[in-house]
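Single-structure report; data block below.
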Ligand SMILES: [Zn+2]
């Protein structure tokens, strides 16, 4: 018996698709509506109704599959997964079992050891269940539950990874990259806190001298954790728990465990051994789904540029890798960035301003780039004032803050505060000449070799221009005028 | 096909059916006869026949993603034995969720 184990992690991610209607009926697919206000006989599971597949849901699911490098099956079918639970009115969920929509994809993660592909075993479509509002504190204490079926029938895709992650950090990276890729497809809200993205983690420890099949290892499934951070914490806890059990000679049981946020621990929900008998069989009410080459080609052509492509083009535009990563991981920020760059074209200048001052203001005000406070046009015109030399960096910062607070344009703020940097040669030269004429003693000092005297003269010019002259220009012009005194 | 009472009890449990011991032995025999018939079908050589999951020769029926009016919450919950705040009230749940 060895004390050495390899951690084996597989993730199942459910993503709600952002369609107008549910998967098999025309009820609206909306979050946060009045309880049971978006239901009909189909999604209530009344007898005698007929589900009809939502074509748009198939399109969104297919785009996800293509973006994740899967093979999309031209033939797939739906199956019934039977189990009893109050959030499932039909007592079966329509899902896809042995012939899913797509298979064999991957997500690339970047580890210390370099790039690595984490395999995706399959992506299938299924309907979501309703929502239970428990009356008690925790599931087990509840005296009763209230059932809201607005969510019942909302289209989901389930993305099943291969058990190819070996640390909580790798699992986190997989999730971050998966979410980033999906965010560019605009197929889901991807909000873990609202349940539009959900994650279950399968964790097992493989003794290094174990040579059997991974499927034979007792696997613990951590269900429905509500944030990436908690997925990581849950896996960490589970690894330690299982390791301790194995080291003290205990047997690990295949089971489902919940995650308790407050204590950071997992707790047993129920032994899985028998409950897994779902008795799948083909859904007789839905004909097989056959996708034509032509239709698949249309979906492929509808794909936007994806994160890996964007990283490469950002690198080509001189954006540092770390900055590029920040941009790419927030699709709204990236779109904003591209709009500003289209107007200003200096990618590095835009990146610097966006990731430092602008992001700081956005974060301080708890805002998302989905609704930027200053429009892309607004920021672009501010940055143009910097490149034109009208504003110094320091001035621009002040202007941006004002724009942020008042919603004024950059030009309006500059005008109102009288901020523009004087770059007009002749205007400055006039002031320079006047300052030189007014300070003959200092000029004499400079001429006789006291370099420091120049600082005083620069100061005088800046004072007369209220700090709006470009310092390097003032310097150059002063030297030019003083040269005539030598 | 030898169907055991234990298997029938398991299937009954999955279907949430309470069956008496008399019913259990009757069901074991009746279901056994169904499986015997399946065994008979299994004698056919179907190696060259692709599996059929649907008897009708239609495929890919889908609809436009267009919202149609839903029921009112009152209509939706009209059949609920107990309703509170527009929601169905169900008894305490002992098992974990699924899905
Ligand atoms: Zn409906």
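The values are calculated or read from the model by the stated rules, or taken from the named source; none is laboratory data. This is a predicted model, so every value here is computed, not measured. Cβ placement follows ideal geometry from the backbone for every residue including glycine, while neighbour counts extend to all protein chains displayed.
On the basis of being part of a helix (DSSP H, G or I), more than 9 Å from chain A (Cβ to nearest Cβ) and touching a helix residue (DSSP H, G or I) at 6+ places or on another chain (Cβ under 9 Å), does residue B:31 make the cut? For residue B:31, the condition - part of a helix (DSSP H, G or I), more than 9 Å from chain A (Cβ to nearest Cβ) and touching a helix residue (DSSP H, G or I) at 6+ places or on another chain (Cβ under 9 Å) - is met. As a summary of the residue check, residue B:53 satisfies the conditions (1) over 26 Å from residue A:98 (Cβ atoms); (2) in contact with a strand residue (DSSP E or B) (Cβ under 7 Å, 6 or more places away or on another chain) except for the one numbered (1).
Yes/no matrix, rows are residues, columns are (1) crowded, with 16+ Cβ neighbours inside 10 Å; (2) away from every other protein chain (no Cβ under 14 Å):
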| position | (1), (2) |
| --- | --- |
| B:15 | no, no |
| B:40 | no, yes |
| B:47 | no, yes |
| B:72 | no, no |
| B:80 | no, no |
| B:87 | yes, no |
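Residue count for the range A:108-135, restricted to those that are out of contact with any strand residue (DSSP E or B) (no Cβ under 6 Å at 6 or more places or on another chain) and farther than 21 Å from residue A:19 by Cα: 5.
Does residue A:291 meet the test of being touching a residue at least 40 places away in the same chain (Cβ under 8 Å), farther than 28 Å from residue A:384 by Cβ and either loosely packed, with under 13 Cβ neighbours inside 10 Å or more than 14 Å from chain B (Cβ to nearest Cβ) (or both)? Against the criterion (touching a residue at least 40 places away in the same chain (Cβ under 8 Å), farther than 28 Å from residue A:384 by Cβ and either loosely packed, with under 13 Cβ neighbours inside 10 Å or more than 14 Å from chain B (Cβ to nearest Cβ) (or both)), residue A:291 does not qualify. Could you please let me know if residue A:436 is crowded, with 18+ Cβ neighbours inside 10 Å and farther than 17 Å from residue A:388 by Cα? Here the answer is yes, as residue A:436 does meet what is asked.
Regarding residue A:122, is this residue assigned to a strand (DSSP E or B) and either more than 30 Å from residue B:76 (Cα to Cα) or modelled with pLDDT of 95 or more (or both)? For residue A:122, the condition - assigned to a strand (DSSP E or B) and either more than 30 Å from residue B:76 (Cα to Cα) or modelled with pLDDT of 95 or more (or both) - is met.
Taken as a whole, the range A:52-62 holds no residue that is in the same structural domain as residue A:99 (by TED's automatic domain parsing) and near the ligand (Cβ under 10 Å from one of its atoms).
Every condition in (1) within 22 Å of residue A:195 (Cβ to Cβ); (2) free of Cβ contacts under 8 Å to residues at least 40 places away in the same chain; (3) at the interface with chain B (Cβ under 9 Å from one of its Cβ atoms) holds for residue A:143 except the one numbered (1).
Out of all the residues in the range A:23-39, which are under 10 Å from residue B:70 (Cβ atoms) and within 12 Å of the ligand (Cβ to nearest atom)? Listed by number, the residues that qualify are A:25, A:26, A:27, A:28, A:36, A:37, A:38, A:39. A single member of A:317, A:243 is touching a residue at least 12 places away in the same chain (Cβ under 8 Å) and in contact with a helix residue (DSSP H, G or I) (Cβ under 7 Å, 6 or more places away or on another chain), and it is A:317.
Are any of the residues in the range A:222-229 touching a helix residue (DSSP H, G or I) at 6+ places or on another chain (Cβ under 7 Å), surrounded by fewer than 19 Cβ atoms within 10 Å (Cβ to Cβ) and either modelled with pLDDT under 95 or within 14 Å of another protein chain (Cβ to nearest Cβ) (or both)? Among the residues of the range A:222-229, at least one is touching a helix residue (DSSP H, G or I) at 6+ places or on another chain (Cβ under 7 Å), surrounded by fewer than 19 Cβ atoms within 10 Å (Cβ to Cβ) and either modelled with pLDDT under 95 or within 14 Å of another protein chain (Cβ to nearest Cβ) (or both), which makes the answer yes.
Taking strands (runs of 3 or more DSSP E) as the structural unit, those lying wholly within the range A:1-106 and holding at least 2 residues that are more than 9 Å from chain B (Cβ to nearest Cβ) and in contact with a helix residue (DSSP H, G or I) (Cβ under 6 Å, 6 or more places away or on another chain) correspond to A:5-16.
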